[in-house]
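Worksheet: one structure, shown below.
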Amino acid sequence: MIIQKFGGVCLQNKEMRKLCIKAIRDALTRSNKVIVVVSAIGRKEKPYSTDRLLTISDDLQADAKARDLIASCGELIATAILSAELHANHIPNTFLQGAQTGIQTAEAFGRASIQSIQTPFYEQYFEEYDCIIVPGFQGLNKKGEVMTLGRGGSDLTAVALADALQATHVEFYKDVAGIFNADPAINAACEKYEQLTYDAFLSSITAENSVLQRKAVMWAKEKAIPLYVKGIASSETGTWIHC
């Protein structure tokens, strides 16, 4: 089994989603089963991005429970759209949402932690489908309330699912071709790493440089789950992160 995670830029319009669909089709030729984890569509000012959803009402800032509920909607929208477009491209699939995902969370709204993942629905739906789409960034607490996992939380969703379902690795599709020793948007002469250890990657993360969520990489390190970062529109090989 392979876990694939697509970021908001990869999903921002139909042309970009065609590249996502191509990557999913390719994964299905390499693996019997694929789980696709999606972020909200677009970034910042885009209509369905998390940032945009959170600006619908100023009063959301004072209501953490309501804020998490509306923030979770971006990933649900992305899930529905990608599923429909996969069907239109003759790729059978289904999606899980809410309690079906089995992702149980705790602690604080907006920065919840994943406590456990129950897998019966995955096992059930994999009897009929080879591709399952899961909205990232969220889970339910013991009361059934939606909680979000903090910025970059879809990365954590993907890694936690890889752990729970014993996937071979997680593929992260980004708007960059891999992990570089500098920002390629600023320094055209920067070099891409073919491979990095977990510790080397974690030591490179700063507030301005977070290609992957720190918590997700720490979970991958603890469970020895290989990670692969690749550009959605790039023909180049990406960067492996592992022991």
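The values are calculated or read from the model by the stated rules, or taken from the named source; none is laboratory data. Here the structure is a predicted model, which is why all the values come from computation and not from measurement. Backbone-built Cβ (ideal geometry, glycine too); neighbour counts: all protein chains shown. These area figures cover heavy atoms from the full protein model, side chains too; ligands, DNA and RNA do not enter into them. Shrake-Rupley method; radii C 1.70, N 1.55, O 1.52, S 1.80 Å.
Has the stretch 153-166 got any residue that is assigned to a helix (DSSP H, G or I) and without any contact (Cβ under 8 Å) to a residue 40 or more places away in the chain? Before you say what the answer is, go through the steps one by one.
Start the filter on the stretch 153-166 by keeping residues that are assigned to a helix (DSSP H, G or I), which leaves 153-165.
Now drop any that are not without any contact (Cβ under 8 Å) to a residue 40 or more places away in the chain, which leaves none.
No, there is no match, as no residue in the stretch 153-166 is assigned to a helix (DSSP H, G or I) and without any contact (Cβ under 8 Å) to a residue 40 or more places away in the chain.
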Inset, instruction - Take the residues in the stretch 23-53 that are closer than 28 Å to residue 225 by Cα, without any contact (Cβ under 8 Å) to a residue 40 or more places away in the chain and over 17 Å from the mean Cα position of the chain (by Cα), then tell me which one is least open to solvent (accessible area, probe 1.4 Å). - result: 26
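Identify, please: which residue in the stretch 120-140 is open to solvent by less than 30 Å² (accessible area, probe 1.4 Å) and part of a loop (DSSP other than H, G, I, E, B) and is, among those, nearest to residue 94 (Cα to Cα)? Steps first, answer last, please.
The first filter runs over the stretch 120-140 and keeps only residues open to solvent by less than 30 Å² (accessible area, probe 1.4 Å), leaving 122, 126, 131-139.
If we keep only those that are part of a loop (DSSP other than H, G, I, E, B) too, we end up with 126, 136-137.
Details: 126: 9, 136: 15, 137: 19 Å.
Per the criteria, the residue is 126.
Return the total of residues in the stretch 56-72 being open to solvent by 40 Å² or more (accessible area, probe 1.4 Å) and touching a residue at least 24 places away in the same chain (Cβ under 8 Å). So that I can check it myself, show each step before the final result.
Narrowing the stretch 56-72 to residues open to solvent by 40 Å² or more (accessible area, probe 1.4 Å): 56-59, 61-63, 65, 67, 69.
Restricting the remaining residues to those that are touching a residue at least 24 places away in the same chain (Cβ under 8 Å) gives 65, 67, 69.
Here the count works out to 3.
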Inset, instruction - Could you tell me whether the stretch 160-176 includes any residue that is out of contact with any helix residue (DSSP H, G or I) (no Cβ under 9 Å at 6 or more places or on another chain) and open to solvent by less than 80 Å² (accessible area, probe 1.4 Å)? - result: yes
Legend entry - Complete set of residues in the stretch 187-215 that are in contact with a Phe, Trp or Tyr (Cβ under 9 Å, 6 or more places away or on another chain) and either in a loop (DSSP other than H, G, I, E, B) or of a type in the set (Gly, Ala, Ser) (or both): 187, 190, 191, 193, 194, 200, 211, 212
Inset, instruction - For the stretch 192-199, state whether one or more residues are among the aromatic types (Phe, Trp, Tyr) and over 20 Å from the mean Cα position of the chain (by Cα). - result: yes
Inset, instruction - Would you point out the residue of the stretch 198-243, among those that are open to solvent by 80 Å² or more (accessible area, probe 1.4 Å) and of a type in the set (Lys, Arg), that is nearest to residue 112 (Cα to Cα)? - result: 215
